[in-house]
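Here the structure comes first, spelled out in structure tokens, and everything after it is commentary.
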Amino acid sequence: MRFRAMTIFIAIMLFSILATGCQNEQKQPVKLKILLNSSESGYMQFYGGQLYEQKFPEAEIEYITFDMLKAIEGDAAQNYIKFIREEKPDVILSSFYSVLVNEGILLDMNAYIRKNKFDLSLLDPSVMKWLKAPAADGGLYGLAPQFSSSALYYNRSLFEKYGVPLPTDEMTPEELIQTARRFPVKDETGKPLYGFHYGQISSPDFYLNLINPKGSIFDRTGKMTMDTTEWKEKLTPLVDALREGQLSYLSPSDDRNNGAYNEQYLFSQGQVAMFIGSSDQLTELSSAPFDWGIVVIPHDRVDPVGNLYPDLIYSIYRDSPNADEAWKYVEYMNSEEVAKKRSKTTSALLTRTQFNQEREGVSLAPFFKLDMSPPSSGGAESAPIHPLFLSQTLYPLINRELDQAIQDTQSIESALSRIQTEGQVLLDQEWNKSSGLKGGE
């Protein structure tokens, strides 16, 4: 009897020791490696990156970053993919999201979403549509807790003073220019007055994207498409308004770092009737000494597309050995709990729509009424060219020639003809160079 009791006691002790050992083993935290799309300090300051570690203090997180500026010396996307395969991060705050999806770099989250009953219906449908767009297999390879968008801000007091009808949610780019031209270029005190102000980006290339956001400067076969009747019709009223001063304008030689040319500052001073701004301006304009409002940005009524895009996308590396823990991280950073905390401290638009009702007493609806552009569209994005070709080569040509039209030293027809001819030479050179590099890989 005594022997049997001793045997049972030893068995219980062994079980306790084994159980304690298993618990200690389970408590060993998994070290997650997270690839950021910004600096670590930026992630903490602007995106609430510290919230996961505050919730789970036992978590071990290693943050790594990718030098995007260095990467664009070659093929930025492929360099990024190479970096991912070498570093093997568990969570990726995605740059080149659509490329990573198409290259099979990311893990489809649908199984985790179903298993954990993560309710996608509570997230903004336009954001979800954008995230699902690159996946031909119906997969979901990322979640975004916030997004960026713009609205058209307008000075109601100025509109009423000059008897101009107020902007509406249905305004087109052409109507924006027509409306801007109804304001004088100076107020009664002699100060400059702008019907529309585009701030430090008031150059022709930015106005091109405003008046024709889906129009391509060249097509997918590498042919320039600027010397057309359609472009002439769109550019004529724009050039006239820029020349006469109803729209803000910076020539290629002007200083774009001039703080006095800040559209928000001039708007708050009553010198601008309309400008396009983000949700950040809502708080900053709350004390403006006049009545103002916001409407949806000007857009094509037939095919309305906005400028919404996910501001931060959380994805899981397909080959992560810690996929379960990575999902736990992604799930929490996209949770209602985090959104509720961040809604009190951020000016960003949150993907959880319950927190996007109003701010400073102003409805946020104009920021997300329009659908998002898909993550890949347009001739330039699908063309075999260097990512800086547009900004460093083609746009300077466009700005130079259209500036001469604005200064009235050449006609719009002449400007478009020169852009077409000289632009084709530059495009051919870049197209052949890039195609040759890709063919030799």
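Filter region 216-232 down to the residues that are under 19 Å from P396 (Cβ atoms) and either out of contact with any Leu (no Cβ under 8 Å at 6 or more places or on another chain) or free of Cβ contacts under 8 Å to residues at least 60 places away in the same chain (or both) and list them by number.
Filtering region 216-232 down to residues under 19 Å from P396 (Cβ atoms) leaves 216-218, 224-227, 231.
Listed by number, the residues that qualify are S216, T225.
Given the conditions (1) farther than 23 Å from L158 by Cβ; (2) surrounded by 14 or more Cβ atoms within 10 Å (Cβ to Cβ), and given that Y249 satisfies all but one, which numbered condition is not satisfied?
Here Y249 meets the rest and fails (1).
Take T221 and tell me if it is among the β-branched types (V, I, T) and outside the structural domain of D254 (by TED's automatic domain parsing). Walk me through how you get there before you give the answer.
Numbers: among the β-branched types (V, I, T): yes; outside the structural domain of D254 (by TED's automatic domain parsing): yes.
Yes; evaluated as a whole, the condition is true for this residue.
If we scan region 137-145, do we find a residue that is without any contact (Cβ under 8 Å) to a residue 60 or more places away in the chain, under 23 Å from the mean Cα position of the chain (by Cα), closer than 19 Å to V330 by Cα and not assigned by TED's automatic domain parsing to the domain that holds S287?
yes
Which residues, counting only those in region 307-356, are surrounded by fewer than 17 Cβ atoms within 10 Å (Cβ to Cβ), closer than 21 Å to I34 by Cβ and basic (K, R)?
Passing the criteria: R318, K341.
Look through region 350-374, keep the residues that are assigned to a helix (DSSP H, G or I) and among the hydrophobic types (A, V, I, L, M, F, W, C), and return whichever of them is nearest to W130 (Cα to Cα). First the steps, then the outcome.
The initial filter retains those residues of region 350-374 that are assigned to a helix (DSSP H, G or I), namely 353-355, 365-367.
Then keep just the ones that are among the hydrophobic types (A, V, I, L, M, F, W, C); that gives 355, 365, 367.
Details: F355: 20, A365: 18, F367: 16 Å.
Among those residues, the one meeting the criterion is F367.
Of all residues in region 169-202, which are of a type in the set (D, E, K, R) and either free of Cβ contacts under 8 Å to residues at least 12 places away in the same chain or within 16 Å of A241 (Cα to Cα) (or both)?
Taking region 169-202 first, the residues of a type in the set (D, E, K, R) are 169-170, 174-175, 181-182, 186-188, 191.
Residues satisfying the conditions are E174, E175, R181, R182, K186, E188.
Please find, among L140, L123, the residue that is out of contact with any strand residue (DSSP E or B) (no Cβ under 7 Å at 6 or more places or on another chain) and at pLDDT 90 or above.
Working: L123 fails: out of contact with any strand residue (DSSP E or B) (no Cβ under 7 Å at 6 or more places or on another chain).
None of the others qualify; the one that does is L140.
Can you find a residue in region 164-187 that is loosely packed, with under 15 Cβ neighbours inside 10 Å, more than 22 Å from the chain's Cα centre (by Cα), on the phi < 0 side of the Ramachandran plot and in a strand (DSSP E or B)?
Within region 164-187, one or more residues are loosely packed, with under 15 Cβ neighbours inside 10 Å, more than 22 Å from the chain's Cα centre (by Cα), on the phi < 0 side of the Ramachandran plot and in a strand (DSSP E or B).
Test K33 against the criterion of being basic (K, R) and at pLDDT 95 or above, and give yes or no.
Details: basic (K, R): yes; at pLDDT 95 or above: yes.
Considered against the rule, which asks whether it is basic (K, R) and at pLDDT 95 or above, K33 comes out as yes.
Taking the stated definitions as given, is Y207 at pLDDT below 95 and in the same structural domain as R181 (by TED's automatic domain parsing)?
Values: at pLDDT below 95: yes; in the same structural domain as R181 (by TED's automatic domain parsing): no.
No.
Between a residue in region 113-135 that is closer than 14 Å to S315 by Cβ and any residue that is β-branched (V, I, T) and part of a helix (DSSP H, G or I), which pairs come within a Cβ distance under 9 Å, given they are 6 or more apart or on different chains?
If the second residue must be β-branched (V, I, T) and part of a helix (DSSP H, G or I), the pairs left are P134/V99; P134/V101; A135/V101.
Looking at region 272-284 only, could you name the residues that are touching a residue at least 60 places away in the same chain (Cβ under 8 Å) and surrounded by fewer than 19 Cβ atoms within 10 Å (Cβ to Cβ)?
Of the residues in region 272-284, the ones touching a residue at least 60 places away in the same chain (Cβ under 8 Å) are 272-283.
S278, D280, T283, listed by residue number.
What is the one condition in (1) at negative phi; (2) in contact with a strand residue (DSSP E or B) (Cβ under 9 Å, 6 or more places away or on another chain) that G245 does not satisfy?
Condition not satisfied by G245: (1).
Could you identify the single residue in D254, D240 that is surrounded by fewer than 22 Cβ atoms within 10 Å (Cβ to Cβ), at pLDDT 95 or above and not small (G, A, S)? Lay out the reasoning, then the answer.
Details: D254 fails: at pLDDT 95 or above.
Only one candidate qualifies: D240.
Within region 92-114, does at least one residue satisfy the condition of being closer than 25 Å to V30 by Cβ and in contact with an Asp or Glu (Cβ under 7 Å, 6 or more places away or on another chain)?
no
Against the condition surrounded by fewer than 13 Cβ atoms within 10 Å (Cβ to Cβ) and within 21 Å of the chain's Cα centre (by Cα), how does D124 come out, does it pass? Explain how you work it out, then say what you get.
Working: surrounded by fewer than 13 Cβ atoms within 10 Å (Cβ to Cβ): no; within 21 Å of the chain's Cα centre (by Cα): yes.
Answer is no for this residue.
I'd like the residue in region 293-306 that is surrounded by fewer than 17 Cβ atoms within 10 Å (Cβ to Cβ) and of a type outside the set (V, I, T) and, out of all such residues, is farthest from S126 (Cα to Cα).
Filtering region 293-306 down to residues surrounded by fewer than 17 Cβ atoms within 10 Å (Cβ to Cβ) leaves 293, 300-305.
Still in the running and of a type outside the set (V, I, T): 293, 300-301, 303-304.
Details: G293: 24, D300: 17, R301: 18, D303: 15, P304: 13 Å.
Among those that are surrounded by fewer than 17 Cβ atoms within 10 Å (Cβ to Cβ) and of a type outside the set (V, I, T), it is G293.
Being under 29 Å from R342 (Cα atoms) and basic (K, R) narrows it down to one residue among K161, K82, K117; which is it? Working first, answer last.
Working: K161 fails: under 29 Å from R342 (Cα atoms); K82 fails: under 29 Å from R342 (Cα atoms).
Result: K117 is the single residue among K161, K82, K117 that is under 29 Å from R342 (Cα atoms) and basic (K, R).
Find the helices (runs of 4 or more DSSP H) located wholly in region 256-349 whose residues include 1 or more that are touching a strand residue (DSSP E or B) at 6+ places or on another chain (Cβ under 7 Å) and assigned by TED's automatic domain parsing to the domain that holds S98, and list them. Give the derivation first.
Numbers: elements: 263-268, 280-284, 323-333, 336-342.
Here the list reads 323-333, 336-342.
The values are calculated or read from the model by the stated rules, or taken from the named source; none is laboratory data. As the structure is a prediction and not an experimental result, all values here were calculated from the model. Reconstructed Cβ throughout: ideal geometry from the backbone, glycine too, with neighbour counts over all protein chains shown.
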